[in-house]
1. For segment 43-56, just list the computed ³J(HN,Hα) in residue order, Karplus coefficients 6.51, -1.76 and 1.60, θ = phi - 60°, integers in Hz, with x standing in for Gly and Pro.
2. Across segment 4-16, in residue order, what do the Karplus-derived ³J(HN,Hα) couplings come to in whole Hz, using 6.51 cos²θ - 1.76 cosθ + 1.60 with θ = phi - 60° and x for Gly and Pro?
3. Using r as the Cβ-Cβ distance of LEU145 and SER78, and R0 as 22 Å, what FRET efficiency do you calculate, to the nearest 0.05?
4. Pick out, from PRO9, ALA146, ALA94, the residue whose Cα sits farthest towards the positive end of the charge dipole of the chain, with +1 on the Cβ of Lys and Arg and -1 on the Cβ of Asp and Glu.
5. For the chain, what is the percent of antiparallel DSSP beta bridges, rounded to the nearest 5?
6. Using r as the Cβ-Cβ distance of ASP20 and ASP54, and R0 as 25 Å, what FRET efficiency do you calculate, to the nearest 0.05?
7. Using alpha-carbon pairs under 8 Å, 6+ residues apart, how would you state the relative contact order of segment 18-169 in percent?
8. Using helices alone, I'd like the mean residue ellipticity at 222 nm for the chain: each DSSP H run of four-plus residues gives -39500 (n - 2.57), total over residue count, nearest 500.
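The values are calculated or read from the model by the stated rules, or taken from the named source; none is laboratory data. All values derive from a computational prediction rather than experimental measurement. Heads up, the Cβs are rebuilt from the backbone with ideal geometry, glycines too, and the neighbour counts pull from every protein chain shown. These area figures cover heavy atoms from the full protein model, side chains too; ligands, DNA and RNA do not enter into them. Shrake-Rupley method; radii C 1.70, N 1.55, O 1.52, S 1.80 Å.
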Amino acid sequence: GGSMPGVGPIHIDEINPTLDALEQDLGIDLKNNALGSVGKKEYSGDIDVAIQVDPDKIPELVKKIEASSLVLDIAKSSVIMTKVKIVNYDQNKASDDPKHGPRTGFVQVDFMPGDPGWMKTYYHSPSETESKYKGVYRNIMIATLAAVHNRDQSDAKLDDGRAMEERRF
């Protein structure tokens with residue numbers, strides 16, 4: 001991950017127009033593949049979108065995104081990070097959440113290669129009315145339970161007393 005320079009939060013009213021414009025320009029379904037808390041809170045710090053793409057086709061996808069007039073900057077890490085102009089930007093809507101920083105008229109859209117069905121489950125984040133906990137805390141809890149539940153450890157030990165072999169979820 002990371003963040004693009006010059007981006008800020010997007011208001012919930014601006015998400016659909018911004019994604020509609022990107023969908024039309026790129027010819028990719030984005031709104032149905034939005035991840036996490038996008039559209040569930042008044043302001044989102046960025047927009048994460050799952051993209052079904054074969055690993056060998058990622059360079060082609062990057063070129064397609066780079067060619068879009070709506071994408072002002074792009075960086076590639078484990079995801080494809082972009083800086084996108086917010087459609088119908090309303091400068092009078094100001095986020096008071098210091099975590100997101102000031103609004104700039106631009107938002108970061110992260111294109112995340114992978115299976116959208118799985119990613120929508122894994123990155124699901126409940127709305128503020130559904131739970132006070134973020135989806136990331138659920139994932140940490142599940143990973144912790146899987147790491148410690150029903151471990152099968154060998155009798156052979158390392159010098160520090162840890163099992164030489166271990167099988168777990």
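1. Working through the residues one at a time gives 10, 10, x, 7, 10, 9, 10, 7, 10, 7, 8, 5, x, 6 Hz.
2. For segment 4-16, the Karplus curve yields 7, x, x, 9, x, x, 10, 7, 4, 5, 9, 5, 4 Hz.
3. Numbers: r = 25 Å, r/R0 = 1.14.
In this case the efficiency is close to 0.30.
4. Of PRO9, ALA146, ALA94, it is ALA146.
5. Counting only bridges with both partners in the chain, antiparallel ones make up about 75 percent.
6. Details: r = 26 Å, r/R0 = 1.04.
Taking R0 as 25 Å, the efficiency between ASP20 and ASP54 is 0.45.
7. Details: 208 pairs, mean separation 35.1, N = 152.
Relative contact order, segment 18-169: 23 percent.
8. Calculated from helices alone, the mean residue ellipticity at 222 nm is -8500 deg cm²/dmol.
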